[in-house]
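Below: one structure, written as structure tokens.
The values are calculated or read from the model by the stated rules, or taken from the named source; none is laboratory data. Here the structure is a predicted model, which is why all the values come from computation and not from measurement. Positions of Cβ are backbone-derived with ideal geometry, glycine not excepted, and every protein chain shown enters the neighbour counts.
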């Protein structure tokens, strides 16, 4: 198992070794802390922590490897909070693999926030810049506070309805030309995106309990495109995907109320119903529906900080 | 036809998705084999294989020009058999596809050692000492094949 941490400020290697030993319930001799080019590393230690200085707004990268001699190590978030408290500084770690800028930062007081951290190319090295955090950190005041919505969709929702349709279409060996195959692919992608959003809505907007108005609007636009694409499909795919879309629509309708599209329009501008001449606008009832609690009302940022 | 000026490359009005309205920059060099030398070791690391070092620039220009397909489900652009995401800064990051490989922490760390040693394993003493590598020889083998240009996905 491995951990990867970014550390703010000075780093005392002895204190770091003691903190890791405490975290893992090991004697301190079981933890080797050293730099990449150190010759006197104890490679027989169950815990190897390579410290590398980094430039920018964070100052050290810890690359920690645990051998199988370390039993049931705590998950990375727990280890990060432990180190932050033990070293009395801010510790960062990757939140999700993509986007690469998605991190968590945790302070010595245990406060944790999402952070957008860019690794920027310089001449011969990279520099780390904290672009934003969602909540202020007492140990690192002055950071820009704003919502970091781009990470939300990295937490994919289950899409059983779409998966079932894909399996049926694949099993049917649907005979199509390239254009039809592309249309089916577009339709299933859009169905999957729509189902992802509806599942997220029903589930209370994981991972953070909110959803930007712009994303909600984009998802309604995706539903529009799905409606357009379905009409271009071969008969079998049209039936399968049409039924699946109706099932997802039913879940969406059950979880929302009709407000005439006013809440979304107030947040993002007029929807298609207010755009005269847009084909099929009257049939796109989903633009008029919104959950009882606005998805974006709990958005993090300066107002909620 | 793509723009020859830049980066950054401004996106055309026809672009939908996360790149819309942004000026696009190519991926960070940590996604190249040579760039792994100093790259931060992350839980998942996408790297271009040998022979594909130059495709990123072409792909990003194509995304900016509106030639890529936006996949609403994956939230990625698809172009030339590869998929890309876009950071709010406009920096594009490779996700998966032809000529790319994903490396876990051990594999990327091994690649880093091999790059620093110029491909000579005997000049990378950590590979034979560090338990991360001695305990995961398959990670070293994969990284060496990637460095040598012999890796087969």
Check whether at least one residue in region A:82-94 is in contact with a strand residue (DSSP E or B) (Cβ under 8 Å, 6 or more places away or on another chain), surrounded by fewer than 20 Cβ atoms within 10 Å (Cβ to Cβ), closer than 25 Å to residue A:206 by Cβ and within 14 Å of chain B (Cβ to nearest Cβ), and report yes or no.
no
Of all residues in region A:181-199, count the ones that are under 26 Å from residue A:104 (Cα atoms) and surrounded by fewer than 22 Cβ atoms within 10 Å (Cβ to Cβ).
1
Residue check for residue A:156: within 14 Å of chain B (Cβ to nearest Cβ), closer than 28 Å to residue A:302 by Cα, exposed (fewer than 15 other Cβ atoms within 10 Å of the Cβ) and in contact with a helix residue (DSSP H, G or I) (Cβ under 8 Å, 6 or more places away or on another chain)
yes
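Residues to consider are B:6, B:17; find the one that is more than 30 Å from residue A:75 (Cα to Cα) and within 12 Å of chain A (Cβ to nearest Cβ). Give the steps one after another, and end with the answer.
Values: B:6 fails: within 12 Å of chain A (Cβ to nearest Cβ).
Selected residue: B:17, the only one of B:6, B:17 that is more than 30 Å from residue A:75 (Cα to Cα) and within 12 Å of chain A (Cβ to nearest Cβ).
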Residue A:117, sole failed condition from (1) touching a helix residue (DSSP H, G or I) at 6+ places or on another chain (Cβ under 9 Å); (2) buried (at least 16 other Cβ atoms within 10 Å of the Cβ); (3) modelled with pLDDT of 95 or more
(1)
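In region A:66-75, what residues are at pLDDT 95 or above and in contact with a strand residue (DSSP E or B) (Cβ under 8 Å, 6 or more places away or on another chain)? So that I can check it myself, show each step before the final result.
So in region A:66-75, the residues at pLDDT 95 or above come out as A:66, A:74-75.
Matches in region A:66-75: A:66 only.
Out of all the residues in region B:21-30, is one or more in contact with a strand residue (DSSP E or B) (Cβ under 8 Å, 6 or more places away or on another chain), more than 10 Å from chain A (Cβ to nearest Cβ), assigned to a strand (DSSP E or B) and more than 17 Å from residue A:96 (Cα to Cα)?
yes
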Candidates A:33, A:78, A:47 - the one that is more than 10 Å from chain B (Cβ to nearest Cβ) and surrounded by 18 or more Cβ atoms within 10 Å (Cβ to Cβ)
A:33
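What residue, among those in region A:202-227 that are under 20 Å from residue A:187 (Cβ atoms) and free of Cβ contacts under 8 Å to residues at least 12 places away in the same chain, is nearest to the chain's Cα centre (by Cα)?
Taking region A:202-227 first, the residues under 20 Å from residue A:187 (Cβ atoms) are A:218-227.
When the remaining residues are screened for being free of Cβ contacts under 8 Å to residues at least 12 places away in the same chain, the result is A:218, A:221.
Working: A:218: 17, A:221: 21 Å.
Residue satisfying both the conditions and the ranking: A:218.
Would you check if residue A:177 is over 30 Å from residue B:116 (Cβ atoms), more than 13 Å from chain B (Cβ to nearest Cβ) and surrounded by fewer than 17 Cβ atoms within 10 Å (Cβ to Cβ)?
On the way: over 30 Å from residue B:116 (Cβ atoms): yes; more than 13 Å from chain B (Cβ to nearest Cβ): yes; surrounded by fewer than 17 Cβ atoms within 10 Å (Cβ to Cβ): yes.
Yes; evaluated as a whole, the condition is true for this residue.
From the list B:85, B:39, B:66, B:51, exactly one residue is under 29 Å from residue A:159 (Cα atoms) and under 14 Å from the mean Cα position of the chain (by Cα). Which is it?
Numbers: B:39 fails: under 29 Å from residue A:159 (Cα atoms); B:66 fails: under 14 Å from the mean Cα position of the chain (by Cα); B:51 fails: under 29 Å from residue A:159 (Cα atoms).
Answer to the selection: B:85.
Take the conditions within 14 Å of another protein chain (Cβ to nearest Cβ) and on the phi < 0 side of the Ramachandran plot and apply them to residue A:231. Does it pass? Step through it out loud before you land on a result.
Values: within 14 Å of another protein chain (Cβ to nearest Cβ): no; on the phi < 0 side of the Ramachandran plot: yes.
So residue A:231 fails the test.
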For region B:65-75, state whether one or more residues are crowded, with 21+ Cβ neighbours inside 10 Å and in contact (Cβ under 8 Å) with a residue 60 or more places away in the chain.
no
Limited to region A:17-68, what total is found for residues that are touching a residue at least 12 places away in the same chain (Cβ under 8 Å) and part of a strand (DSSP E or B)?
20
